[in-house]
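All remarks here apply to the structure that follows.
We did not get these values from a lab; they are worked out from the coordinates using the rules stated. What you see is a predicted model, and the numbers here were worked out from it, not measured in a lab.
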Amino acid sequence: MEKKYPLIAGREKGPGPGRYGLPPTIGFVGHDFTKSTSPAYSFHGRMSDTMYCVDSSPGPQYRVDAKITRFGRDGTPAYSMLGRSKAQKELFQTPGPGAYSPEKTPPCNLQRRPPSYTMGSRTHYRSVDPVPAPNKYCLPALMGPQVPNKQASASYTMSGSYSAGGPSVDLAQTPGPCRYNSTDPSVYLPRQPAFSMLGRHSLPKDATKKPGPGTYNPEKVTVHKARAPAFSLGVRHSEFVTPLVVYVSD
């Protein structure tokens with residue numbers, strides 16, 4: 001036999017919002033009387049033609065250009081590019097400004113003509129001309145003490161190295177600055193503390209093997225407790241069961 005449980009009022013749920021049929025709030029017929037209505041208008045039918053003798057209304061079927069106003073056509077002037085027309089021989093062709101040459105006209109009204117010049121070829125020198133050209137002259141050099149009418153500066157020469165004699169005789173054998181060794185500053189100054197860098201010491205090694213953290217099982221230890229805590233998944237309790245409420249005195 002099937003076990004019957006008592007009915008719980010919490011399980012009885014009402015219908016959803018879609019189950020209710022509320023009156024509409026649009027229109028005039030069947031409007032919700034709890035809501036305010038706006039004025040409603042209707043489209044009337046076309047009146048009969050008996051009121052007018054002639055129907056002269058064009059209606060909205062005609063397309064009017066946007067540039068046409070009540071004052072006429074509005075807009076900037078428009079131009080088109082046409083082909084070049086053929087010149088007719090019988091017509092008189094007026095010459096352009098480049099066809100005239102006013103510089104070639106003779107002077108008139110006692111006007112003076114401006115001077116005119118031409119570019120001719122270079123003339124040859126005559127054999128009777130005793131004057132030489134500028135490139136025939138050769139000026140003396142201005143470097144060195146050999147110029148008689150110019151003041152010369154001091155001049156020096158680079159002599160060769162002597163093969164005999166010491167530094168006292170031949171100054172070319174004098175040692176340069178790089179031949180001398182630099183003196184340690186600790187010789188004539190207080191000596192600073194000195195340190196040395198030693199190698200890294202090796203760490204002591206132990207060849208014995210140690211167990212890792214995963215080797216231990218602390219949950220199996222029963223020395224100070226009877227057994228480790230155990231948990232299980234129970235059944236889901238009903239949501240309609242009244243919870244236990246205990247009032248604790250302060």
Taking Cα centroids, how far is the range 195-250 from the range 15-29 in Å? 63 Å
Can you give the convex hull volume of the alpha carbon atoms of the range 170-217 per residue, in Å³? 221 Å³
Counting every C-alpha pair in the range 185-250, the percent lying more than 16 Å apart is 82 percent
Each residue of the range 190-196 in turn: what ³J(HN,Hα) in whole Hz from Karplus with 6.51, -1.76, 1.60 and θ = phi - 60°, glycine and Pro shown as x? x, 6, 7, x, 10, 10, 10
